[in-house]
Amino acid sequence: MKKYNFNPGPSVLPEITLKNTAEAVLNLNGSGLSIMEISHRSKDFEAILKEAKDLFREILSIPTGYSILFLQGGASLQFTMIPYNFLNKKAAYLDSGSWANKAIKEAKLFGEVQVVASSKEQNYTFVPKNYVIPADADYFHITTNNTIYGTELKTDIASPVPLVADASSDILSRPMDISKYALVYGGAQKNLGPAGVAFAIVKDSLLEKVTRPVPTMLSYKTHVENDSLYNTPPCVAIYACLQTLKWLKDLGGLKAIHKMNNEKADLLYNEIDRSKLFISPLTAAEDRSIMNVVFVLKPEYKELEEKFLELAKSKGLVGIKGHRSVGGFRASIYNAMPLDGVKVLVQAMKEFETQA
Ligand code: PMP
């Protein structure tokens with residue numbers, strides 16, 4: 001039976017990414033060596049790294065004056081690196097989910113943190129709006145997609161201070177105006193590649209704002225100056241990212257994938273809205289994520305949760321159990337999830353309704 005992987009991350013990747021990476025692990029470009037074995041300073045790997053960065057830049061239209069980094073430590077280490085490098089006196093944060101909250105916790109180790117708005121009290125059922133970004137903050141930090149709660153900030157907001165965005169779970173899902181941001185970062189393990197590599201797109205002029213001494217490996221400057229090769233990078237993971245970027249380009253880039261993502265999300269949200277059993281816990285329809293679709297059973301059908309998970313499993317639908325802090329279900333429909341996967345899920349939801 002065909003399996004559809006709705007896991008939130010690590011998550012579904014394009015088949016071509018898996019196939020090409022598997023081949024390169026056995027024999028890279030017919031060299032008789034594995035991508036796992038070659039030196040990160042070899043010509044072969046340098047070409048892979050350069051192509052990955054060039055494609056990232058081309059697909060996301062990253063302007064000159066920005067560097068693209070491949071880092072380790074996941075998005076979580078950047079929660080620390082950001083204030084370490086850029087919080088001189090005060091930083092502003094938007095508290096739109098648990099990941100934002102974790103970023104806030106780290107920033108507080110380095111200086112004053114102003115949380116401009118929070119939806120925590122409402123279990124993060126919406127993205128806070130109508131807040132004021134303090135003009136004296138060193139930067140303003142947002143999370144573009146809240147993976148756990150299924151809310152998304154779908155526009156590139158204007159900020160009077162450098163805008164820093166955790167885009168772990170919606171990078172490359174839509175066209176983005178990078179020029180509005182000073183730093184866009186995230187783990188690769190949703191729309192880009194396997195776990196073990198993180199990305200950062202950093203405006204070079206931001207690096208001039210660093211005033212405190214920063215340990216070498218935690219300094220963005222180190223990685224910019226050494227072109228992500230200060231130490232041994234995760235070569236296999238970067239190779240896999242390159243395969244996904246090639247796939248995305250061949251598919252028509254961000255405009256094309258955005259259209260496909262909207263189509264998948266619409267199909268699923270329309271079924272949730274139509275269904276007698278399921279409901280979206282979100283309070284603002286405009287915040288509905290096109291990457292992580294969260295839905296729950298209406299209170300009167302709550303006891304059917306396990307049954308629906310069983311039905312889903314029998315249809316080859318994997319990873320739709322919701323996060324423990326929300327309950328219910330979450331279908332992560334990242335770039336590589338085919339429309340067919342969403343169709344099978346919608347069909348299962350309809351079938352379940354006829355049995356309930
Ligand atoms: N931010 C967001 C929005 C996430 O979804 C995640 C992981 N799911 C993280 C940060 C943490 O990423 P990592 O595990 O790479 O540290």
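Bear in mind that the values in this text are calculations on the coordinates, not laboratory data. Small disclaimer: the values here were computed from a predicted structure and weren't measured. As a convention, Cβ positions derive from the backbone with ideal geometry for all residues, glycine included, and neighbour counts pool all protein chains shown.
The figures follow:
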item	result
Distance violations [Cα-Cα > 28 Å] among Lys255/Lys321; Lys154/Lys203; Lys102/Lys321	Lys255/Lys321
Helix-only [θ]222 nm of the chain, DSSP H runs n ≥ 4, -39500 (n - 2.57) each, per residue, nearest 500	-11500 deg cm²/dmol
At least 15 Å along the helix axis (C-alpha) and Kyte average at least 0.5, DSSP helices within the chain	235-251
Length-normalised contact order of the chain in % [C-alpha pairs under 8 Å, at least 6 apart]	23
Check: the chain dipole with +1 on Lys, Arg Cβ and -1 on Asp, Glu Cβ, in debye	280
Span from the segment 281-356 Cα centroid across to the segment 194-251 one, whole angstrom	34
All aspartates and glutamates inside 13 Å of Lys209 as judged from Cα atoms, apart from same-chain residues fewer than 8 positions distant	Asp138
Cα-Cα over 20 Å, subset of Lys246/Lys315; Lys120/Lys307; Lys53/Lys190; Lys307/Lys350; Lys3/Lys53; Lys246/Lys343	Lys246/Lys315; Lys120/Lys307; Lys3/Lys53; Lys246/Lys343
Cα gyration tensor shape of segment 253-355, rounded if a/c is under 1.5, else prolate or oblate by comparing a/b with b/c	prolate
Which of Val197, Val236 has the fewest Cβ neighbours within 10 Å, and the rest in rising order	Val236, Val197
Gyration tensor verdict on segment 76-152 (Cα atoms; rounded if a/c is under 1.5, prolate if a/b is larger than b/c, oblate otherwise)	oblate
Residue order, fewest to most surrounding Cβ atoms within 10 angstrom, among Ser98, Ser67, Ser42, Ser168	Ser42, Ser98, Ser67, Ser168
The chain: C-alpha gyration tensor shape, a/c 1.5 cut-off, then a/b vs b/c	oblate
